[in-house]
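Down below is the structure, laid out as C-alpha cells.
The values are calculated or read from the model by the stated rules, or taken from the named source; none is laboratory data. Predicted model only: the values in this text are computed from it and were never measured. Quick reminder, even Gly has a Cβ in these numbers, built from the backbone with ideal geometry, and neighbours come from all protein chains shown.
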Amino acid sequence: MKSQRQAKILEIISKQNVETQEQLLTLLQEEGFRGTQATISRDIKELRIVKELTGVGSYRYAVSSNELTGTFSSRLNTIFRECIVSLDYAQNIVVLHTLPGLASAAGSAVDTMNFSSVLGTLAGDDTVMIVMRDTAAAAAFCSEVKSLIS
C-alpha cells in the first residue's frame with residue numbers, strides 16, 4: 001500500500017501544482033488512498049520531494065533534481081562496501097562489524113540514508129548497532145546491505 005501511495009504521490013505532483021501537504025492529502029483521498037498529514041510528511045521525506053518556486057511566485061512540490069543525490073548515494077555504497085566486515089540481526093537490532101575505526105562512518109552513512117524503519121544508530125570503534133522498527137525491517141535491511149557488499 002505504501003509503495004502504491006508513494007507512486008500516486010509522484011504521479012499527482014508531476015501532473016499538477018500541489019502547494020501543501022493538506023492539498024496533496026485531499027488529492028490522494030480522491031484517488032482512494034487513506035492517510036494522515038504525518039503519513040504524507042514521511043512520504044515526502046522518503047521520496048526526497050522538495051518545494052520549488054513556480055513561474056508565478058508560488059511554490060509547488062517536485063522531485064528533487066539535485067544531481068548530488070546520485071554522487072552521495074555512490075559514496076555511501078563505497079563506504080559500505082569498503083568497511084563492513086559482517087552484519088546480522090536479532091529481532092529489531094542490526095549489528096554491523098566494520099574495519100577498525102570505521103564504525104562511525106558506517107553509522108553516519110546509515111543515519112544519512114533516512115530510512116523510516118531506522119530508529120537510530122550507535123557506533124563504537126568497529127561495531128555499529130542499528131535499532132530498527134521491527135524484525136521484518138531488520139531482516140530487509142540486512143538483506144539489502146548484504147547484496148550491496150557482495
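Couple of notes before you dig in:
- The residues in segment 15-35 that are closer than 18 Å to Leu53 by Cα and either in contact (Cβ under 8 Å) with a residue 40 or more places away in the chain or in a loop (DSSP other than H, G, I, E, B) (or both) can be counted, and the count is 5.
Residues checked against (1) more than 23 Å from Thr39 (Cα to Cα); (2) surrounded by 13 or more Cβ atoms within 10 Å (Cβ to Cβ); (3) of a type in the set (Gly, Ala, Ser); (4) modelled with pLDDT of 90 or more:
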position	(1), (2), (3), (4)
Ala105	yes, yes, yes, no
Asp111	no, yes, no, no
Ser116	no, no, yes, no
Gly120	no, no, yes, yes
Met129	yes, yes, no, yes
Arg133	no, yes, no, yes
Ala136	no, no, yes, yes
Cys142	yes, yes, no, yes
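- Take the conditions (1) in contact (Cβ under 8 Å) with a residue 60 or more places away in the chain; (2) of a type outside the set (Asp, Glu); (3) on the phi < 0 side of the Ramachandran plot; Thr112 misses just one of them, which is (1).
- Qualifying residue in segment 85-97 (condition: in a helix (DSSP H, G or I), within 18 Å of Leu148 (Cβ to Cβ) and in contact with a Leu (Cβ under 6 Å, 6 or more places away or on another chain)): no
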